[in-house]
Structure formats: C-alpha cells, structure tokens
Amino acid sequence: MVLFVAFLAAFSSTESFAAGQIFSVRNVAVDESAGDAQEARRVAIRVAQAEAWRRLVRRMVTSDPSLVSEPDTETLETFVQSLEFDEEKITTGRYRADITVRFRADAVLGWLELAGVPHTNAPSPVLLVLPVLTTPEAVLLWEEGNPWFAAWQRSRGLAQTVELVAPVGDLDDLLAITTEGATGGDWTAMQSILSRYQADGVLVAEIDGRGTTELSWYEGPEAQIVPSGSARTLPALEQEADPMADQVQDEVEIDTTVLDDVAEVVDDAGDLVEEAGDAVVKSVDLEVAGLVDYDAQVTQVRVAVDNFWTLATMAPEGPEAVMVAEITIRNLAEWVDIRDRLARSAALNETTPLVVSVDHVRILLRYVGTLSQLRASLRQAGLGLTAQGDNWIILPL
C-alpha cells in the first residue's frame, strides 16, 4: 500500500497516453495535376490528408460523421504524424501515388471531443482480405485466373467503417500463407502476413461459382463467421440462363483438313488451334448461368462486415461472466488512461483492480455476452484483449 501511494504521488502530474498513439489510414489514391510536378505533389498531399481525415472520422464517429467539421489545411497538417508513399508516378505537371497518412491520436481525439459527437477511442480494425475462389476444378487464392482476387484489387483503397485491405499477391504473400493455410485458418501463417500489411486481422472471403460467400474474421486462432447475405449475380445473365450452361465443355472439334500444309492455324475468332491426334482442339472458357458480378460482391462483403462490426460493438445481452486480466503499465498515466477506457466499454458491468503495482495491474472484469463481443467492445474503447498461456492480457491498441 505504501508503494502504491508513493507511485501515485510520483505521477500526480501526467500526460495522456494517447499522445503516443498513431491512427493510420492506408492507401489513399491521388492523381493531381499542376504547373509542375512538385506543385502537383504538394496538391496531392493536401488532397490525401483531407481524404484520410474523412475516412478516419467515418471509422470513429458512431453517430453522423457530417457533424464533425473538417480542420482547415494548416490545422490538419499539424495533426499528421507522418506520410508513406507507394506506387509513385511523376510526369510533367502530374503526380500519382497511394499515400498512407498517420495521424496523432491526441490531436484526433481532441478534435472529436470539441465536436461533442459520440465516438470510439480508436478507429475500427483494419482487416487484410484473402479472396478465395472455389471452382469445380480447384481452390484459388494467389493462382492466376482468380477474378475474385482481381475484384478486390480493383477496390483497393476504398474504405467504409471497417477498412478492408487487398493484398498485393506477390512472392512475399505466396511465401507467407498458402491457399490451404487461408481456408484452414492457419493463424501462425496469418500472423506472418498481417505484420507485412500492419493489419489487425484477416478476413478470409470465400466465394464459389454461383456467388455464395463465406466470410471468416480472424483476430486470433478462432474465426468469427460474418453473415454475408444473399449472392448477387448479373441480372441480364440470370434472365437468359441456359440449363445446360453449368456443363464444362473441355474440347471443341474443328475441321482438320486445313492442317495438311501448316503446323498451326487460327480459327475465325482468332484463337490459336493446334493438332492433337486426329482432331484440332482448343480450350474454351466456362460459361455459367448467372455469372457472378464480383465487383458487386465486393461491395456486399463490405456492407456485411460493417454491419457485423456495428452489431458486435453494441451493448450485448446475455448472462454475466467473469475473468481476471493483466495489464502491463509503464507509469500511472497509462493505468489512468486504460481505466477510463474500460469504463467506456458497453460490455463491462464492473472493473475491480485486484493488484496495482508500479509495472502492472491485475483486474477483475464482469462482462455480458460472449468473449468475441467483449473483445469487440474493448476494441471500440481502444483496447485489445489477447490470451498468453493461461492469462488474459489487456493492452492499448
């Protein structure tokens, strides 16, 4: 007790722990023109900062984001901790890039407090999407010819409440996790690729040839299943559906008499045909009734994930449960900040410190709902909950 009193006195004057946090908005695409390349770059940075601010506000404000006024250019620049540039293309008078903007948390939270709107203490999570396509012949992720992956690539940089990041699909990704690892929930492999993208979790988005999706959200070894809604297909194709269209036509026989004098020819459509035994054959693409509109499905997945996150962060219902968790701290300021965040968690009915020392706090939590709901509620308050052996650990995000 004497030690704790001395500890309180030593840190009676503290600063907010939020001052050390960074809120990131990734891959803001810009394409700006001006009198010269340097001016175009300056304009692009201002545009990226403003767009990143709007995205961040949407991810943090739980009411109407339009109630938060946008800082002027000079003020917003003071909120920015750092910038990261990717895919830069500079030509005469034109600048294009994907810019990641990192904001100072204390500046962001201060502005939201002044706006007087309900908000979380940390942005909603960033999820890395692993788009898996199941066909009758194979299961595709990194393999060529995956239109589901291509649709997510086209949507790169778009963000709603929960930011969904499309992977690059290069050799580093292939080495980090296999298709089997994604579908099998290999959390060790997922952690490897997460570190590359600085994401909070993985969304394994599986889709089949009829547009049926299954969404698995991983922020630990156990997946949360996200309700995905009904499949969407192209209406025009639905109306003209051929009952025989699901059958795969592997080969088409073509008249071979034209091959008497040449080794290879092309048909009327310009496709290369080549001799194969007594007939000339060519591969044809599978035409399936109700061909999936993958871009529309990406939009639907984004809506489903946002709805799931919103529902998960509401005050849960159900029986009360109890757990004991450990919190590592460096000073009293951290403990005061974490204590205040715990008080804002909708899932917690009671938080009782059991042990408070100079470097850690052991706390009893009484919460309502499932463990997943508790995790989501704590994340809304800017806290993470992880298991280390037999212990539960709470830490700032």
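Laboratory data are not the source of any read-out in this text; all were calculated from the coordinates shown. Just so it is clear, the structure is predicted and the values come from calculations on it, not from any experiment. Methodologically, a virtual Cβ is constructed for each residue, glycine included, from the backbone with ideal geometry; neighbour enumeration extends over all protein chains shown.
Each residue of segment 214-221 in turn: what ³J(HN,Hα) in whole Hz from Karplus with 6.51, -1.76, 1.60 and θ = phi - 60°, glycine and Pro shown as x?
Karplus values, whole Hz, x for Gly and Pro: 10, 10, 10, 9, 10, 10, x, x.
Counting only residues 5 or more places away or on other chains, whose amide H sits under 5 Å from the amide H of Trp392 once H atoms are built in the peptide plane?
Here the answer is Glu326, since their amide H atoms fall under 5 Å of that of Trp392.
Place the peptides 176-184, 128-136 in order of packing, highest mean first, counting for every residue the other Cβ atoms within 10 Å and averaging per peptide.
Highest to lowest by the protection proxy: 128-136, 176-184.
Please give, to one decimal in nm, the separation of the simple spin-label points placed at Glu70 and Leu171, each 7 Å out from Cα toward the Cβ.
4.2 nm
What is the packing order of peptides 149-155, 74-80, 95-101, taking the mean over residues of other C-beta atoms within 10 Å and listing the highest first?
Those peptides, ordered most packed to least, come out 95-101, 149-155, 74-80.
Using a 7 Å offset from the Cα along the Cα-to-Cβ direction at both Asn391 and Asp340, what is the distance between the two label points in nm, to one decimal?
Once both label points are built, they end up 2.6 nm from each other.
Can you work out ³J(HN,Hα) from phi for every residue in segment 70-87, in order, using Karplus 6.51 cos²θ - 1.76 cosθ + 1.60 and θ = phi - 60°, giving whole Hz and x for Gly and Pro?
After applying 6.51 cos²θ - 1.76 cosθ + 1.60, I find 8, x, 5, 4, 5, 5, 4, 4, 6, 7, 7, 7, 6, 10, 10, 10, 9, 6 Hz.
Give me P(r) over segment 22-105, computed from all C-alpha to C-alpha distances, binned every 5 Å, as integer percentages.
Taking all Cα pairs of segment 22-105, the binned fractions are 3, 16, 24, 22, 17, 10, 5, 2, 0 percent.
How many angstrom separate the Cα center of segment 311-388 from the Cα center of segment 187-203?
Cα centroid to Cα centroid, the span is 24 Å.
From the phi angles alone, apply the Karplus equation (6.51, -1.76, 1.60; θ = phi - 60°) to segment 135-150 and give each ³J(HN,Hα) in whole Hz, x where the residue is Gly or Pro.
10, x, 9, 6, 10, 10, 10, 7, 4, 5, x, 9, x, 5, 4, 4
Assign one of three labels to segment 320-396, namely rounded, prolate or oblate, based on the Cα gyration tensor with a ≥ b ≥ c the square roots of its eigenvalues; rounded applies when a/c is under 1.5, prolate when it is not and a/b is larger than b/c, and oblate otherwise.
prolate
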